[in-house]
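The values are calculated or read from the model by the stated rules, or taken from the named source; none is laboratory data. Everything numeric in this text was worked out from a predicted model, so none of it was measured. Positions of Cβ are backbone-derived with ideal geometry, glycine not excepted, and every protein chain shown enters the neighbour counts. We work out accessible area using only protein heavy atoms, side chains counted, and drop any ligands, DNA or RNA first. Shrake-Rupley method; radii C 1.70, N 1.55, O 1.52, S 1.80 Å.
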Amino acid sequence: MLDEKKICLSTVGLTKVFGFGRTKTVAVNDVNMNLYEGEVVSIVGESGSGKTTLAKILLGLISTTEGDVYFQGQKRDISTHAKRQQYWKNIQAIFQDPFSSYNMFSKIDAVLLDCIRMRGGGNLPREKKVEMMSEACSFVNLKFEELTNKYPFELSGGQMQRLMIARIFLLKPKILLADEPTSMIDACSRATILDMLMQLRKEIGMTIIFITHDIGLAYYVSDSVYIMEHGRIVESGTADEVILQPKEPYTQRLINDVPKIYEEWDLSTV
């Protein structure tokens, strides 16, 4: 049961405001969450709901206006570069656009070696590092010998998505935040990527947070689901509770907007 597990990440009164006066936008509004070790969580909402801003706050990429983030029961402190680096050893991300996730002028070897260095393996023999990189690539059905000395722009989008998961395999963070990780790839590759993430979660007990507009994906992969509208969490619970027995009109609309193959599509709400 989830309530028997430890909370790995939580937020209290999390709020983020951009701008001032008439231009003020409350992107995240008083968000309270408890995320458990080994849990798969989906934060679901339409474009502009605040879910990506929330993800960036959890990653420590942008500051909060009010509220706090707690990691493993302690108030998060990322006030210095060293503390941020330590935090990022434990929380990593896979982003929607693989083309903007890499320094295109750094070879793939450097990308993977940087992960080994972050985990304290910088002084390992070259042979051991190659073995680790080969194992990580093999996990995502890539061959390191075919990638070595190449640049990310020489790979396809699907290969770059897989390489991001190979990075996670090397880093082994406690928390993975996946922001629309399969939205730019075809259906077959999407299923493969999801299976890889679920296998990685099983092997290292990682907590996975999906940031998505796809409520079908949320139901398929998640233990818990949070529905976000205009910066607020409007409904939360287990995947079955939220998606099979939705209470909020917004959640009901999200579910009704999913096209059914054998039913006439209702485009009146589009």
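Per-structure values
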{"quantity": "Inter-residue pairs, beta-carbon under 9 Å, first touching a residue at least 24 places away in the same chain (Cβ under 8 Å) and in the stretch 69-80, second open to solvent by less than 70 Å² (accessible area, probe 1.4 Å) and among the charged types (D, E, K, R), 6+ apart", "calculated": "Val69/Arg76; Tyr70/Arg76"}
{"quantity": "Qualifying positions in the stretch 52-102 - of a type in the set (Asp, Glu) and within 22 Å of Glu229 (Cα to Cα)", "calculated": "Glu66, Asp68"}
{"quantity": "Scope the stretch 198-211; condition in a helix (DSSP H, G or I), surrounded by fewer than 16 Cβ atoms within 10 Å (Cβ to Cβ) and not β-branched (Val, Ile, Thr); matching residues", "calculated": "Met198, Gln199, Lys202, Glu203"}
{"quantity": "Qualifying residue in the stretch 212-221 (condition: at pLDDT 90 or above, of a type in the set (D, E, K, R) and either surrounded by fewer than 23 Cβ atoms within 10 Å (Cβ to Cβ) or over 16 Å from the mean Cα position of the chain (by Cα) (or both))", "calculated": "no"}
{"quantity": "Count of residues meeting criterion [open to solvent by less than 70 Å² (accessible area, probe 1.4 Å) and in a helix (DSSP H, G or I)] in the stretch 227-243", "calculated": "3"}
{"quantity": "Subset of the stretch 148-161 [open to solvent by less than 50 Å² (accessible area, probe 1.4 Å) and either assigned to a strand (DSSP E or B) or of a type outside the set (A, V, I, L, M, F, W, C) (or both)]", "calculated": "Thr148, Pro152, Gly157, Gly158, Gln161"}
